[in-house]
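For reference, the structure discussed in these notes is given below.
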Amino acid sequence: MGEFVLKHSANGVWYGEFASFYAKGIKHGISTRLGGQSTAPFASLNLGLHVGDDAETAWHNRQAFCQAVGLPAEKVVTAEQVHGAVVQQVTLQDAGRGARHYHESIKGTDALITNVPGLPLMLFFADCVPVIILDPVSKAIGVSHAGWKGTVAKIGQQTVLAMQQQYNTNPADCLVGIGPSIGPCCYEVDEVVINKLRASFNKWEELVTPRGDRWQFNLWEANRQQLREIGIADNNISVSGICTACNTQIFYSHRAEAGRTGRIGAIIAL
């Protein structure tokens with residue numbers, strides 16, 4: 001309890017923080033849908049520039065969220081997320097890519113890493129799993145977008161391994177936050193997903209609960225399991241345990257809202 005806490009900022013924005021990251025003095029946050037200017041069906045703190053919302057309103061919302069977290073919106077680096085497993089190293093030259101204009105985002109990427117102080121990384125979600133990563137020893141960070149395809153491709157694990165390659169990160173040093181996403185209570189999948197899962201995870205049976213000819217898939221545990229495989233201790237992994245589909249009054253849910261909804265953001269900076 002207390003690993004993930006919702007906060008209400010002075011500018012009206014609600015967002016969540018992980019206690020483990022806060023204790024290290026790391027500015028970060030997982031936004032909610034509360035405290036912005038977007039109208040239905042994007043009400044109200046939509047951060048997505050690609051969902052049909054007014055672009056200027058979404059930019060205003062991004063500015064408000066960044067202000068709440070204490071990071072510069074104009075320096076934020078984002079990606080054109082495609083449910084893949086590409087991890088992109090971000091440098092100072094990338095500052096601001098995709099912050100205000102979607103077409104300027106880093107193409108075809110679902111995870112970002114950097115060791116540049118003060119350079120915020122941000123990705124967007126509406127049921128998929130936000131995974132934020134901190135290496136407090138080698139001073140590096142990462143953020144991953146893990147839907148079922150990314151989870152099966154072990155994008156969280158691949159992000160840490162990319163940090164290991166680029167920044168000499170020791171996985172055992174890493175802290176990980178797994179943010180609000182669709183939970184095992186609501187995430188029903190078919191045999192296509194199960195076959196992919198079976199091929200990728202040795203202990204895939206631990207990640208699903210059969211329901212007739214379908215299965216309830218625990219994305220949180222799948223992401224935790226792949227991180228444990230590379231040496232990250234359970235007590236270094238914080239899981240919010242909040243289902244977005246169960247809590248559409250607070251978060252966006254692509255599945256529960258039939259695809260017509262906004263996006264929350266996960267942001268982190270050294």
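Given the criteria over 17 Å from the mean Cα position of the chain (by Cα) and surrounded by fewer than 24 Cβ atoms within 10 Å (Cβ to Cβ), does Lys149 qualify? In short, no. What's the number of the only condition in (1) touching a residue at least 12 places away in the same chain (Cβ under 8 Å); (2) within 28 Å of Tyr252 (Cα to Cα) that Tyr167 fails to meet? Looking at each condition in turn, Tyr167 falls short on (2).
Yes or no: the range 82-96 includes at least one residue that is of a type in the set (Val, Ile, Thr), in contact with a Pro (Cβ under 9 Å, 6 or more places away or on another chain), crowded, with 18+ Cβ neighbours inside 10 Å and farther than 30 Å from Pro184 by Cα. Among the residues of the range 82-96, not one is of a type in the set (Val, Ile, Thr), in contact with a Pro (Cβ under 9 Å, 6 or more places away or on another chain), crowded, with 18+ Cβ neighbours inside 10 Å and farther than 30 Å from Pro184 by Cα, which makes the answer no.
Take the residues in the range 135-154 that are among the aliphatic types (A, V, I, L, M) and in contact with a Gly (Cβ under 8 Å, 6 or more places away or on another chain); name whichever of them is nearest to Gly183 (Cα to Cα).
Taking the range 135-154 as the starting set, the residues that turn out to be among the aliphatic types (A, V, I, L, M) are 137, 140-141, 143, 146, 152-153.
Next, only the ones that are in contact with a Gly (Cβ under 8 Å, 6 or more places away or on another chain) stay: 146, 153.
Numbers: Ala146: 13, Ala153: 19 Å.
Filtering first and then ranking leaves Ala146.
From the list Asn170, Asn202, the one residue that fits, being farther than 20 Å from Phe21 by Cβ and surrounded by fewer than 24 Cβ atoms within 10 Å (Cβ to Cβ), is Asn202.
Could you list, in sequence order, all residues of the range 13-28 that are in contact with a helix residue (DSSP H, G or I) (Cβ under 8 Å, 6 or more places away or on another chain) and more than 15 Å from Ile133 (Cβ to Cβ)?
Our first condition is that a residue be in contact with a helix residue (DSSP H, G or I) (Cβ under 8 Å, 6 or more places away or on another chain); within the range 13-28, this holds for 13, 15, 20, 27-28.
Within the range 13-28, Val13, Tyr15 qualify.
If I filter the range 1-39 down to residues being over 21 Å from Asn61 (Cβ atoms) and either in contact (Cβ under 8 Å) with a residue 40 or more places away in the chain or under 14 Å from the mean Cα position of the chain (by Cα) (or both), which single residue comes out as surrounded by the fewest Cβ atoms within 10 Å (Cβ to Cβ)? Filtering the range 1-39 for residues that are over 21 Å from Asn61 (Cβ atoms) and either in contact (Cβ under 8 Å) with a residue 40 or more places away in the chain or under 14 Å from the mean Cα position of the chain (by Cα) (or both), the one surrounded by the fewest Cβ atoms within 10 Å (Cβ to Cβ) comes out as Lys24.
Read the figures in this text as sums done on the coordinates, not as results from a lab. Given the structure is predicted, the values throughout are model-derived calculations rather than measurements. Cβ sites come from the backbone with ideal geometry, for glycine too, and all protein chains shown count toward neighbours.
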